[in-house]
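What follows is a single structure, written as C-alpha cells, with notes after it.
The values are calculated or read from the model by the stated rules, or taken from the named source; none is laboratory data. Just so it is clear, the model here is predicted, and its values are computed rather than measured. Cβ atoms come from the backbone with ideal geometry, glycine included; neighbour counts cover every protein chain shown. The accessibility values were calculated without ligands, DNA or RNA, using every heavy atom of the protein model including side chains. Shrake-Rupley method; radii C 1.70, N 1.55, O 1.52, S 1.80 Å.
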Amino acid sequence: MTTQPSAKSIPPLTERDDDQHAVGGGLSGFDASAEAIYVAPNWKLVWWRFRKHRLAVFSGVVTLIIVTIALVPGFFSTQPPEQIDSLRTFIPPQRIHFFGPDGFGPYVYDITGQRNPTTLMMEWVPDESKPIPLGFFVRGYDYEILGLIPTNIHLIGVSDPAIISPVHFLGTDRLGRDQWSRLMYGTQVSLSIGLVAVILSIFLGVLLGGISGYFGGWIDMIIQRLIELLQSLPPIPIWMALTAAMPRDWTVEQVYFAITIILSLIGWTTMGREVRGRFLALREEDFVTAAELIGCSKPRIIFRHMVPTFMSHIIAASTLAIPVMIINETFLSFLGLGLRPPAISWGVLLQEAQNLQSVATAPWLLLPGLAVVITVLALNILGDGLRDAADPYS
Amino acid sequence: MSNPTPLLSVRNLKTYFDLDEGQVKAVDGVSFDVQPGQVVGIVGESGCGKSVTIKSVLRIIQPPGRLVEGEILFNPDNGGGQGPIDLAKFDPNSKQMRAIRGKDIALIPQEPMAAFSPVHTIGNQIMEAILLHQPVTKKEARQITIERLREVGVPSPQDRIDAYSWELSGGLRQRAMIAMALACNPKLLIADEPTTAIDVTTQAQILNLLRNLQQQHNTAIIFITHDLGVIAQIADYVVVMYLGRVMETGPVDDIFHAPQHPYTRALLESIPTIQSAPREPLPTIAGSIPHPFNRPPGCPFFPRCPDFIPDTCNAQTPTLQPINQRQSASCFLYHDEAEEN
Amino acid sequence: MTTQTNLLDVKNLKKYYPIKKGFIKKVVGHVRAVDDVSFFIKEGETLGLVGESGCGKTTTARCILRAQKPTGGQILYRTGAGPVVDLAQLPDADIRPLRREMQMVFQDPFASLNPRMNLLDLIGEPLLVNGVRSRKERTERVAELLQLVGLRPEYMQRFPHAFSGGQRQRVVIARALALNPRLVVADEPVSALDVSVQAQVLNLLLELQQRLKLTYLFVAHDLSVVKHITDRVAVMYVGKIAEIAPTQELFYQPKHPYTAALLSAVPVADPRRRTLQMPLQGDVPSPANPPSGCYFHPRCAHAIDRCRTEPPALTEIEPGRFVSCHRARELDLIGVEDISVSPVPTHPIGG
C-alpha cells in the first residue's frame, strides 16, 4: 500500500463558494464571455439563442424588408398605383438587364405593342433598339412618407426624365396599372391588417385570458364557455355574414377597420387560452408564491413576475398568428367579401386573377400570390425561431 | 478483480455528447467489473455520468450522444461457450443487441409511472417481454408473469395482472417494474436510481426485495444511486464516480470504513447521518460541482480537493490503479500513472 | 438555549380540499391534507416536521405562512410587537404587514428564483415592497446579505442562471432574511441539492440561526438531515401528528410504532449495519380515503382491536413528549442505535 495522505481537515464552516470553480448550473455555450452571460438579462439570452438559428435570422431580415415596404410603399414603387393607361394593358413583366454595352447599368428595353391579326389580342415585344436606363434614388411622382413628408424620390426608376415611357417590372393588369407598384401598396394594407388584427387579438386574449387564469372561479367559467362558443362557430360563414352585414356605402377606411375587428374578434380565442394556461401554471410556481410571501401586491406579482415570464412566448405566438391573419384577409378579399377596389391589398390584387382566361393570358397576375407565400413563410420561420429562443433557461 | 471471468467488464468507456455548444465528455474513461451474483453500486452526484454509463452498457444512448471508445465485455455463460462478447462493437439496434437487452441484461428504470404504457395492462407488457425472448405459449407466459408478480410481493397477482399501471400504488408499480425486469431471468439487472422517487418506508421494502431476489436467483445487479445510505445497505462492491470518471472502487466495507480517495472521504464526512452529532457544523467540500462544459483540466476533483498537489493534479489526469489488495483509486497521492495525451 | 415562550402555537389546524365530481362539480368528499394538527414552536428553536410524501407536512407549513388559507383551527403567533394573533383568522390585508416576520426557504432553488431578475432585484425586492425606496440603501443591504450567506457582493448584477444549486439556495436564504424575519419556514431546503453541497447549506442555516436568533420550522423527509439540524421533531402520518418529541429522545426511544418504522427504514450509510430487515408492509393510505380508527393500524405490527375503531388523540405521555397511540405507554420500541454506546471502529482496515 502506498503513502497515506496527510489527514488534512476539510475546510470548516461557511466556506465561501469559490467562483472560479463553481461555474453555474443552467446555461453555457453562448458565444460570450462567462461574466457577460452571468449578468445577461433575459432578452439578451433570447437574442443570443435566436442568433444561432440561421434560417430564422434570414427570415427576420426578409420580414424587415417587407415591413419597410409596408411603411413606405411609395418609395419602392415606380408609378402611382391607381394610374390607368388603357393603351398599355396586360403588359408582361419586363426583363431587367444589368450589363449594357458600357458596363454595369441596369436598363430595360422599351416595348411596343402590336395587335395580333387573328386573335385580336395585343402582343408586346421588347424593342431592343430602345434601351431605357434605370437608376436608383430617382425622381418620380409625388408621394408622402408615412403621410407626413412629401417627396418624389424613388428607390428605382427611369433615370432620364426625358423618357416618358414607364417600366413595369411585374407587368400591368387589365386597366394598364403597374403591378409592381400595386403590389408595394398592397403590402402596406395586407401587412397592417394582419398586424393590427393580431395586436387586437393579443390585447383581448391577454386581458380575458389573464382574468380567466388569475381569478378563476365563475369568471373563468364564463370566459372559457365564451371561447368554446367562438371556436365552435365555423369561421368562414361567420366572416361572410359579418362582412355582408357591412353597409355598402362604407368608405375604404371603414371597411378596413371593420375587417381587422372581425378578424381579431374570432382570432383572440387561441391567444386567450394560451395566456390562461400560462397564468394557471405560473400561479403554482414557487417564485410566484415567494413573491406573495415577501408581501408583493397582486398587480406587482402579475406585471413584474408573471407577465414578463410569458411575454416572449406571446411575441413568438403573435409572430405565428400574423400570417394566419394575412391569409384570412387575402382569402376574404379574394372572395370579394373583404376589401374592395379601389382599396389595394394582396387579396384584391389576386381577385384580378380570378378567372381562368386572365390567368391563361396574363399569368403574371398571380405574382401577388408569391408575395403572400414569401411573407407567410418568413413570418412562420421567424416565429418558430423566436419560440425556440423564448425560453433560454430550459 | 479476483474472479478471472467477470460477468461484465467495462474497459475505458467513453461516451461523449456533441452539442452545439461544444463537446460534453459525460463518461470519460470508465472501467469496472461486475462479478456473477454481485451487487455493484455506482454512486455519484449529478453530472458524474453514472446514468450515461449504464445507458452506454445497454447501448441505449440517443444522439447527440455517442459511444466513442472502450470495451463492454459481457460474459453471459460464465466463461464457457463462446467467451465474452463486446457489446461496444454491436450496432445499438442490431438483432444481437436487442436479444441481450431485456433477456440477459434488464433495466429497472427510475420512474415506473413513465416506464409502463398506460393503455396496456401491466400483465400484457410483462408477457410481451417474455414472449419476445422465450419460446413459450401465451398461456405459459401468463403463468410465468403471475409467478413473477407473486415473487416480487404483489398481492393477489392473478387479479393484478390485468390492472393498468395507473391503478397501482407507487410501491406496487415499482414491484411490477421489477417483475418485468426479472421476467426472463436476466444475468444482470441494472437499477437506475429505482428508489429516488419513492418514500423511505417503500424504499426499504424495495431494497429488501431486491436483496432477496438477488440471493435467490444469483442475479448480478448494478445499482445506480446518489444516496450513500442506499449503497451501504445494498452493494457488495462500490464504484465512486465524479464528473465522468471513476474516483475509487472497492468492496463496500473498505469504501465506507477505509476510503482512500479524497473525494470519497470528503463525501462520507460531509453527509449528515442518523447517528451524527446533532447541530454540530459538518465538514464540507468547498465549492460546487463544475458544469460539464467547464471541466477542469487534470483530475476533475482537484479544485475542491483538500489534498491538491500543485502542478500535478491540475496538469495531468490520474488513471484508475490498484492501490491495495482490494481498492483502486485514481489519485496522485497513491501512484503517478497519468493518462497519456 | 431556548426560552420558554412559544413563538407559534398551532391548535387543531385543518386543511381540507374538496373532491369534486361530475359536470356541476358537486363536492363528494374531502381530501384531509391536514387533519387536526397541533404543535408549538418555542422562540429560537428548530422544530422538524417529518413524514412521507402526502402526509401534509408541506401543506401545514404553507398554512402557517398563509400561502394557503386553513379550513379550520388556530395558528396563534406572538408578533414582534407583542400581541398574539391568530393567523388562521386574520384577513389577507392584516397578514401582509406580518409577512416580514415570517419567511420561507423553498425546496427547489431553480424554481423559487425568478430567472428574469438579477440578485440585486431578487434580494432587494422584499425591501422594495416593504418601503425601502432608496436604491442605494437597498444595494447596501443586499451586499450585506450576500456576505452573510457566503456569496460575494460583486455577484449582485448576476442572474440566477450564473449559479449552481447550492449557491442559488444561498440566494434564496439571503432573500428570506432581507426583512429580518423571526420565523423561517424551510421546506426541504437541501433535498434538491447535491450531497456534497448539502452540508454547506445546513451549516449556513445553523450558523445564521445562532447569529440572528431565528426560529426554524424545518420540513423534511430526510431523517438524517432532521436529526442533524432540529431541537424537536414532529412526525406526521396521513395528515395527523403521530409523535412530537425532543430530537434525541425521538430518535433513540421512539414511542409511536410509525416513528420506529420510519427510523428503521432509513438506510444507514454503514455497510456493517444493514438495518433494512423488517420494513413496513403496504403503502401509505390516501388522505381522501383513510382507514378507520388509527390511520396507521393496517400497517402496524402492534395494532389491537381498539386501534381499528377508535382514533387515538395526541397525548403528552411524558413532559415534552406527545404521542397519538393507544399503546404508547406499554410498547417498547427500538430506535436508532446510539453509536456513542456501541461505537464501530472507523478505520480498522485502511489505516
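Each peptide in C:314-322, A:315-323 was scored by the mean count of other Cβ atoms within 10 Å over its residues; highest first, the order is A:315-323, C:314-322. Relative protection proxy for A:132-141, B:29-38, from highest mean packing down: B:29-38, A:132-141 (other beta-carbon atoms within 10 angstrom). Based on C-alpha pairs under 8 angstrom that are at least 6 apart in sequence, the range A:264-394 has a relative contact order of 25 percent. Roughly how much of C:Thr275 is accessible, in Å² to the nearest 10, using a 1.4 Å probe? Near enough 60 Å² of accessible area.
Along the range B:294-308 the Karplus relation, 6.51 cos²θ - 1.76 cosθ + 1.60 evaluated at θ = phi - 60°, assigns HN-Hα couplings of 10, 5, x, x, x, 5, x, 8, 4, x, 10, 7, x, 10, 4 Hz to successive residues, with x for each Gly and Pro. The mean sequence separation of alpha-carbon pairs under 8 Å and at least six residues apart, normalised by the residue count of chain B, gives a relative contact order of 19 percent. Amide H contacts of A:Arg174: A:Phe90, each under 5 Å away and 5 or more positions distant or on a separate chain (H built 1.01 Å from N in the peptide plane; Pro and chain starts excluded). In degrees from 0 to 90, rounded to the nearest 10, what is the angle of the helix A:307-334 Cα long axis to the longest principal axis of chain A? Long axis of A:307-334 versus the principal axis of chain A: about 20 degrees. With a cut-off of at most 13 other beta carbons within 10 Å, and DSSP calling the residue loop, which trypsin sites (Lys or Arg not before Pro) in the range C:163-215 qualify? Please list them. When the trypsin sites (Lys or Arg not before Pro) of the range C:163-215 are filtered for loop state and at most 13 Cβ neighbours within 10 Å, C:Lys213 remain. Here A:Leu265 and B:Glu111 are evaluated by their C-beta separation; at R0 = 41 Å the FRET efficiency comes out at 0.40. Here the calculated FRET efficiency for C:Val28 and A:Leu280, from their Cβ-Cβ distance with R0 = 22 Å, stands at 0.40, rounded to the nearest 0.05.
Under the simplified labelling scheme, the B:Asn218-B:Asn124 pair shows an inter-label distance of 3.8 nm, with each label point 7 Å from Cα along Cα→Cβ.
For chain A, the longest principal axis of the C-alpha atoms and the axis of helix A:367-390 are separated by about 10°.
Counting Cβ atoms of other protein chains within 10 Å of each Cβ in C:107-113 and taking the mean gives 4. For the range C:6-230, the dipole from Cβ point charges (+1 on Lys and Arg, -1 on Asp and Glu) about the Cα centre works out to 720 debye, to the nearest 20. Projecting the Cα atoms of C:Pro285, C:Ile304, C:Tyr252 onto the charge dipole of the range C:240-337, computed from C-beta unit charges around the Cα centre, puts C:Pro285 farthest toward the positive end.
Comparing B:Glu69, B:Glu140, B:Glu45 in a Gaussian network model of chain B (Cα springs below 10 Å), the most mobile by mean-square fluctuation is B:Glu140. Note on chain A: along the principal axes its Cα atoms extend 106, 63, 45 Å, ordered by decreasing extent. If you model the range A:94-167 as an ellipsoid using its alpha carbon gyration tensor, with each semi-axis the square root of five times an eigenvalue, the axes come out at 28, 19, 9 Å, biggest first.
Reported to two decimal places, what Rg/Rh ratio describes the protein assembly as shown when computed on Cα atoms with Rh from the Kirkwood expression? Using Cα coordinates only, the ratio equals 1.06. The GluC sites (Glu not before Pro) of the range B:278-341 meeting both criteria, a DSSP state outside H, G, I, E and B (loop) and at most 10 other C-beta atoms within 10 angstrom of the site's C-beta, are B:Glu340.
Spin-label model, C:Asp94 to B:Asp20: label points 7 Å out along the Cα-to-beta-carbon direction sit 5.5 nm apart. Whole-Hz Karplus values for the range A:264-275 come out as 6, 4, 7, x, 6, 4, 4, 4, x, 5, 4, 5 Hz, taken residue by residue from phi with 6.51 cos²θ - 1.76 cosθ + 1.60 and θ = phi - 60°; glycine and proline positions read x. Residues C:Met117, B:Met180, A:Met240, A:Met221 ordered from highest to lowest accessible area at a 1.4 Å probe: A:Met221, A:Met240, B:Met180, C:Met117. Taking R0 as 30 Å, what FRET efficiency do you get between B:Gln134 and B:Asn12 from their Cβ-Cβ distance, rounded to the nearest 0.05? It comes out at approximately 0.30. Picking from B:Phe116, B:Thr273, B:Val34, whose Cα lies most toward the positive end of the charge dipole for chain B (charges on Cβ: Lys, Arg +1; Asp, Glu -1)? Farthest towards the positive pole: B:Phe116. Only alpha carbons enter this Debye calculation for the range C:6-230, each as an equal point scatterer, and the log10 of I(q)/I(0) it gives at q = 0.10, 0.12, 0.15 Å⁻¹ is -0.48, -0.68, -1.03. Counting only protein chain heavy atoms and rolling a 1.4 Å probe, the accessible areas of C:His228, B:His335 rank, largest first, as B:His335, C:His228. With N counted as the residues of the range A:218-258, its alpha-carbon radius of gyration over 2.2 N^0.38 Å works out to 1.61.
Under a Cβ-Cβ cut-off of 9 Å, what is the net charge of the residues other than C:Ala245 that fall near it, where Lys and Arg count +1 and Asp and Glu count -1? Net of charged neighbours comes to 0.
Among B:Tyr164, A:Tyr38, the order of accessible area from largest down is B:Tyr164, A:Tyr38, computed with a 1.4 Å probe on protein heavy atoms.
Can you check what the net charge comes to around C:Asp9, using other residues whose Cβ is under 12 Å from the Cβ of C:Asp9 (Lys, Arg +1; Asp, Glu -1)? Net local charge, C:Asp9 excluded: +1. To the nearest ten degrees, helix B:170-182 and the longest principal axis of the Cα atoms of chain B are 90 degrees apart. 3J(HN,Hα) along the range A:75-88, derived from phi through the Karplus expression 6.51 cos²θ - 1.76 cosθ + 1.60 where θ = phi - 60°, amounts to 5, 8, 8, 10, 9, x, x, 8, 5, 9, 9, 5, 8, 10 Hz, with x in place of Gly and Pro. Projecting label points 7 angstrom from Cα along Cα→Cβ for A:Phe303 and A:Leu233 puts them 3.2 nm apart. Gyration tensor over the Cα atoms of the range A:182-389: the corresponding equivalent ellipsoid has semi-axes (square roots of 5 times the eigenvalues, largest first) of 39, 19, 13 Å. Local charge for C:Gly124 was computed over the other residues whose Cβ lies under 13 Å away, with Lys and Arg +1 and Asp and Glu -1, and equals +2. Reported value for the range B:118-217: 101 Å³ per residue, from the convex hull of its C-alpha atoms. Rounded to the nearest 500, the helix-only mean residue ellipticity at 222 nm of chain C stands at -8000 deg cm²/dmol, with each DSSP H run of n ≥ 4 adding -39,500 (n - 2.57).
Calculated on the Cα set of the range A:58-107, radius of gyration then Dmax: 15.6, 41 Å.
Size descriptors for chain B: radius of gyration and Dmax over Cα atoms are 20.7, 67 Å. Counts of other chain beta carbons within 10 angstrom of each beta carbon in peptide A:279-291 average 5.
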